[in-house]
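Novice: Take this structure first; my questions come after.
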Amino acid sequence: MNSTVDTSASEQLHAFRSHTCGALRDNNVGETVRLSGWVHRVRDHGGVLFIDLRDHYGVTQCVCDPDSPVFSEIEKVRSEWVIRIDGVVKARDEESRNDALPTGAVEIYIRDMEVHGAANELPLPVFGEPEYPEDIRLKYRFLDLRRETLHNNIMKRAEIISSMRRRMIEEGFFEFQTPILTASSPEGARDFLVPSRMHPGQFYALPQAPQQFKQLIMMAGFDRYFQIAPCFRDEDARADRSPGEFYQLDIEMSFVTQEDVFQAVEPVLRDLFVEFADGQAVTESFPRIPYKTSMEKYGNDKPDLRNPIEMENVTEHFAGSGFKIFAGMIEKDEEVRVWAIPAPTGGSRAFCDRMNSWAQDQGQPGLGYIFFKDGAGSGPVAKNIGAERTQAIADQLNLKDGDAVFFVCGKPKSFLDFAGQARVRVGDELGLSETEGFKFCWIVDFPMFEWNEDEKRVDFSHNPFSMPQGGLEALETQDPLTINAYQYDIVCNGVELSSGAIRNHKPEIMEKAFDIAGYDRQVLEDKFGGMLRALQYGAPPHGGIAPGVDRIVMLLCGEPNIREVTMFPMNQQAQDLLMSAPSDVSAAQLRELHIRLNLPKDE
RNA sequence: GGGGGUGUAGCUCAGUUGGUUAGAGCGCUGGCCUGUCACGCCAGAGGCCGCGAGUUCGAGUCUCGUCACUCCCGCCA
């Protein structure tokens with residue numbers, strides 16, 4: 001395989017490469033070089049043959065003609081073989097330059113070659129990256145990862161994480177590791193369990209997040225903690241949620257108010273996005289939107305602010321009006337509201353009817369509307385409520401000829417979801433929503449408790465460790481359902497990026513809060529004994545947040561699916577098709593753990 | 001656990017009201033080709049039409065069941 005030609009220069013070269021496949025330029029012309037890489041593409045013209053050789057750094061065109069001592073060997077080379085070539089760098093003439101390639105000014109005349117690793121026929125082509133079924137991509141992930149788009153996504157992910165880490169350290173944060181094997185926690189998601197060999201019948205759990213550890217780190221007298229933390233939850237997947245595991249930029253600080261957390265985190269995220277947004281606009285100063293306001297204006301607690309539409313309460317214009325359906329509902333129940341979804345530029349019957357039939361497809365009775373033309377409101381709703389009320393609605397929402405407005409009526413809780421979807425649809429259909437850029441906001445003042453309708457009791461609405469606004473006094477004197485927590489989210493383009501809180505650091509507040517949620521002292525001690533103990537020996541006021549790394553990378557890569565920004569993801573059934581996980585284990589392994597399988601019987 | 005979508009060559013897809021021998025492009029194999037960079041030209045291989053039952057003279061096509069993948073709901077403090 002090795003030829004003896006041209007050895008004087010070749011012998012001084014590194015065993016595998018003198019340059020990477022992305023390195024050579026005009027100024028290397030005349031040099032004898034050695035490259036190793038994957039055969040990206042072969043173009044065989046019989047007499048002359050081109051090989052695009054690829055590595056992590058780029059692609060270089062290599063040429064072989066019949067004068068080359070290794071011509072007959074090069075002819076046998078196929079896609080994705082790993083080979084080494086030696087040759088002389090030559091300038092390409094004007095017509096044959098390839099400006100699309102950084103190395104496109106030169107090419108290498110192959111004088112010697114060696115096969116490092118041949119490849120079987122590919123189950124998944126790399127070149128051209130045609131669409132391929134996901135199970136094949138996952139089974140041959142090492143090939144999939146060679147493809148340019150995915151390779152670039154993973155590199156961008158690495159750069160984003162590296163930038164995050166640098167920014168956190170520059171802000172005076174310290175990176176601490178927390179355990180992977182820990183205790184099962186009673187709240188929240190299902191735990192992944194790991195049997196203990198030394199303690200038969202007992203189990204570790206993988207952390208759903210380092211939540212309790214990061215608080216304990218603050219109680220232990222450290223400050224300004226962060227970690228790119230792996231988190232494990234045994235819950236079903238979504239497109240934007242991998243099954244099993246994901247990463248958070250986990251942050252916690254001592255002696256801070258909510259405002260201090262915002263001041264620390266906002267510039268990190270904003271500047272990170274500016275760095276990787278390729279010139280797209282990023283919110284300079286994140287607006288703060290109370291949870292309640294967000295629900296009323298946008299129908300959810302993670303609004304996409306690229307959509308300019310804000311809903312409004314227009315109940316008064318329908319109460320006692322001639323539009324009997326709404327008027328009757330309002331009269332019967334004081335909780336009933338009518339919300340308006342303004343649709344600037346949507347003022348045509350065709351559009352309004354389209355929205356109405358979409359609503360019916362969604363299982364709604366319909367979607368009432370008024371559209372404005374010739375200085376007046378049109379449509380059945382306008383007819384029924386009369387010109388005066390129609391004008392009042394137009395005035396409130398600042399609507400003019402050519403615009404429309406849609407109405408939903410009922411108890412807000414029951415139509416929130418639908419109203420939010422309608423808002424999104426109106427914005428998209430009318431082209432009112434921006435499609436570029438990153439619009440951030442803080443959602444603040446989440447309720448501390450919520451009513452659990454199934455079990456007819458008060459429950460924690462978010463995080464049992466959060467500090468209620470008003471402290472112990474609020475817990476003792478207020479209706480629990482009116483108490484807000486120092487609990488906040490960061491939302492970007494409709495994606496919930498992170499969730500955080502000022503924590504409760506007083507044991508008596510913790511006891512009272514759990515009491516309200518119906519847990520007695522014994523439960524508290526059993527489940528959160530370590531935390532409760534730590535609170536009793538001098539706990540500092542503290543708080544933090546945990547932005548989701550995978551979702552940040554998805555946004556910055558413009559990918560709708562988390563598997564496109566994860567090196568070795570599992571499929572939606574939580575299987576790793578490359579490594580074959582989960583898998584059976586041997587009887588000996590089970591015996592050692594004192595575990596006997598009791599599998600479900602089917603068929 | 002539930003709902004929607006998809007399933008035809010290795011891949012992407014076409015396949016008429018049910019009707020003869022199921023097609024195309026890409027990929028693969030072989031041949032030709034001295035300037036390509038999505039190279040080109042010729043030929044070839046490659047099909048349990050996801051699987052199973054049913055209706056029918058006849059099923060890729062219709063019905064039922066089932067499996068796989070995917071998206072969503074539940075779930076994710």
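Novice: Can you pull out the residues in the stretch A:182-216 that are more than 16 Å from RNA strand B (Cβ to nearest atom) and not charged (D, E, K, R)?
Specialist: Scanning the stretch A:182-216 gives A:Val194, A:Pro195, A:Ser196, A:Met198, A:His199, A:Pro200, A:Gly201, A:Gln202, A:Phe203, A:Tyr204.
Novice: Does at least one position in the stretch A:457-474 carry a residue that is open to solvent by less than 10 Å² (accessible area, probe 1.4 Å), of a type in the set (A, V, I, L, M, F, W, C) and modelled with pLDDT of 90 or more?
Specialist: Scanning the stretch A:457-474 turns up at least one residue that is open to solvent by less than 10 Å² (accessible area, probe 1.4 Å), of a type in the set (A, V, I, L, M, F, W, C) and modelled with pLDDT of 90 or more.
Novice: Considering (1) in a loop (DSSP other than H, G, I, E, B); (2) within 26 Å of the chain's Cα centre (by Cα); (3) closer than 25 Å to A:Gln211 by Cα, say which one A:Ala501 fails and leave the rest.
Specialist: Unmet for A:Ala501, out of (1) in a loop (DSSP other than H, G, I, E, B); (2) within 26 Å of the chain's Cα centre (by Cα); (3) closer than 25 Å to A:Gln211 by Cα: (1).
Novice: Within the stretch A:493-503, how many residues turn out to be open to solvent by 10 Å² or more (accessible area, probe 1.4 Å) and either modelled with pLDDT under 90 or of a type outside the set (Ser, Thr, Tyr) (or both)?
Specialist: The qualifying residues number 5.
Novice: Turning to a different aspect of this structure: Test A:Glu312 against the stated conditions and say whether it is farther than 18 Å from A:Ala422 by Cα and of a type in the set (D, E, K, R).
Specialist: No; evaluated as a whole, the condition is false for this residue.
Novice: Report yes if A:Leu143 is in a helix (DSSP H, G or I), over 30 Å from A:Gln215 (Cβ atoms) and more than 10 Å from RNA strand B (Cβ to nearest atom), otherwise no.
Specialist: Answer is yes for this residue.
Novice: Right, something else. Would you call A:Lys512 more than 25 Å from A:Ser294 (Cβ to Cβ), of a type in the set (Lys, Arg) and within 16 Å of RNA strand B (Cβ to nearest atom)?
Specialist: When the stated conditions are applied, A:Lys512 does not pass them.
Novice: Same structure again: Look through the stretch A:217-246, keep the residues that are of a type in the set (D, E, K, R), within 14 Å of RNA strand B (Cβ to nearest atom) and not in a strand (DSSP E or B), and return whichever of them is farthest from A:Glu496 (Cα to Cα).
Specialist: By that ranking, first place goes to A:Asp234.
Novice: Here's another thing I want to ask about it. Looking at the stretch A:281-321, which of its residues are assigned to a strand (DSSP E or B) and either open to solvent by 40 Å² or more (accessible area, probe 1.4 Å) or small (Gly, Ala, Ser) (or both)?
Specialist: A:Arg288, A:Pro290, A:Glu312, A:Asn313
Let's see how each residue does on (1) open to solvent by less than 20 Å² (accessible area, probe 1.4 Å); (2) under 23 Å from the mean Cα position of the chain (by Cα):
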| position | (1), (2) |
| --- | --- |
| A:Asp93 | no, no |
| A:Arg111 | no, no |
| A:Ala118 | no, no |
| A:Glu121 | no, no |
| A:Pro125 | no, no |
| A:Glu129 | no, no |
| A:Leu150 | yes, yes |
| A:Asn153 | yes, yes |
| A:Ala158 | no, yes |
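Novice: Any idea which residue in the stretch A:7-39 is nearest to A:Pro69 (Cα to Cα), counting only those that are open to solvent by 40 Å² or more (accessible area, probe 1.4 Å) and within 16 Å of RNA strand B (Cβ to nearest atom)?
Specialist: If we take residues in the stretch A:7-39 being open to solvent by 40 Å² or more (accessible area, probe 1.4 Å) and within 16 Å of RNA strand B (Cβ to nearest atom), then A:Gly30 is nearest to A:Pro69 (Cα to Cα).
Novice: Among A:Ile136, A:Ile169, which is of a type in the set (Val, Ile, Thr) and away from RNA strand B (no atom under 16 Å from the Cβ)?
Specialist: Residue meeting the stated conditions: A:Ile169.
Novice: Do the conditions hold for A:Val89, that is, is it under 24 Å from A:Val33 (Cα atoms) and either open to solvent by 60 Å² or more (accessible area, probe 1.4 Å) or of a type outside the set (D, E, K, R) (or both)?
Specialist: yes
Novice: A follow-up question, please. For the stretch A:396-415, which positions are part of a helix (DSSP H, G or I) and open to solvent by 30 Å² or more (accessible area, probe 1.4 Å)?
Specialist: Within the stretch A:396-415, A:Gln396, A:Pro412, A:Lys413, A:Ser414 qualify.
Novice: Restricting the search to the stretch A:371-395, which residues are at negative phi, in contact (Cβ under 8 Å) with a residue 24 or more places away in the chain and open to solvent by 50 Å² or more (accessible area, probe 1.4 Å)?
Specialist: Listed by number, the residues that qualify are A:Lys373, A:Asn384, A:Arg389.
Novice: Only one of (1) under 43 Å from the mean Cα position of the chain (by Cα); (2) aliphatic (A, V, I, L, M); (3) more than 10 Å from RNA strand B (Cβ to nearest atom) is not met by A:Val59, so which one is it?
Specialist: The number of the failed condition is (3).
Novice: Okay, moving on. For residues that are part of a loop (DSSP other than H, G, I, E, B) and open to solvent by less than 100 Å² (accessible area, probe 1.4 Å), tally how many sit in the stretch A:561-603.
Specialist: 16
The values are calculated or read from the model by the stated rules, or taken from the named source; none is laboratory data. Source: prediction; values computed, not measured. Neighbour counts are summed over all protein chains in view; Cβ atoms, including those assigned to glycine, are modelled from backbone coordinates with ideal geometry. Ligands, DNA and RNA are excluded from the accessible area calculation, which covers all protein heavy atoms including side chains. Shrake-Rupley method; radii C 1.70, N 1.55, O 1.52, S 1.80 Å.
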